[in-house]
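Some notes on the structure that comes next.
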Amino acid sequence: MPEATAGPRSSVLDVTTDTFEKEVISRSRTTPVLVDFWATWCGPCRTLSPILEKLAAEGGGAWVLAKVDIDRSQDLASAFGIQSVPTVVVVKGGQVVDGFLGAQPEPKIRELLLKHVRPARDAVAEALELERAGKPGEAIARLRDRAKEARDDWKARGELARLLALAGALGEAELLLDALPEEQREIPAAQAARAILSAQEHAGDLEKLQRAVVGAPDDVEARLRLGRALVAARSGPQQRFVMSLRQHRVQTP
């Protein structure tokens, strides 16, 4: 069975005797940890493991799955009195508080989680509420925190790029978008951020052309250039951004 990939913010960790104190006991004082005792030769483990890993990913950091290979960490298995695998225990506050034996169906595992895990906050939903309340700065701060907590929360990073673009932090928004994996660049938040960046660019061009017309009202070529730019802006998806972002600027006479 493939082993889980551990990372600094991962919700699925491979744990050994050497790392158990830090990754399970210490971590459980702030975040519930489900410890999955398994073995490579165990058929039911191959059934249970994908379910646990799926639920851990869905949890968004509200809890952590720690996987212990009993053949590699026999002393841990002995300390917990493991007689068969899979065995799953819930550790909170440094203590075992619950658990189950054997491969359980997903609904049963969800019931167990509901008893011991507080749902993770939806950072994106919170940020959108702050934006609607007219607090874009707070929304950006919330998404910055989320981006640090979960580096693979692409939706949060896309929304952060969108808000930064609206706030005029174009360089930072561009960097966030460029850092997205290829398969995540078409998510709605990322597309909206790209459209805003494009709109900002077009709006800047329009302002220059508008000022040129104001400064030389008899310059027919300047008016033609402005007209062509307006048609181009209004024909693309960025039209509403150009109009909303720049409606207070100098108008063409």
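When the alpha carbon gyration tensor of the stretch 104-154 is reduced to an equivalent ellipsoid, its three semi-axes come out at 30, 13, 8 angstrom, largest first. Compared with the alpha-carbon gap, the fully stretched path from residue 29 to residue 72 is longer by 12.9 nm at 0.36 nm per residue. Between residue 133 and residue 152, the simple label model (points 7 Å from Cα in the Cβ direction) yields a spacing of 3.1 nm.
Listed by Cβ neighbour count within 10 Å, with the fewest neighbours leading, 15, 220 appear as 220, 15.
With R₀ set to 45 Å, the beta-carbon distance separating residue 84 from residue 186 gives a calculated FRET efficiency near 0.45.
Less than 5 angstrom separates the built amide H of residue 14 from those of 6, 67, all sequence-distant by 5 or more or on a different chain.
Among the chymotrypsin sites (Phe, Trp or Tyr not before Pro) in the stretch 1-101, those located in a DSSP loop and surrounded by at most 11 other Cβ atoms within 10 Å of their own Cβ are 41.
Modelled this way, with points 7 Å down the Cα-to-C-beta line, the labels at residue 118 and residue 178 are 3.9 nm from one another. Could you give the distance between the Cα centres of the stretch 29-44 and the stretch 146-190, to the whole Å? When both Cα centres are located, 33 Å separates them.
Bear in mind these aren't lab numbers, they're just calculated from the coordinates by the rules spelled out. Everything numeric in this text was worked out from a predicted model, so none of it was measured. Because the Cβ atoms are built from the backbone with ideal geometry, glycine has one as well, and the counts that use them run over all protein chains shown.
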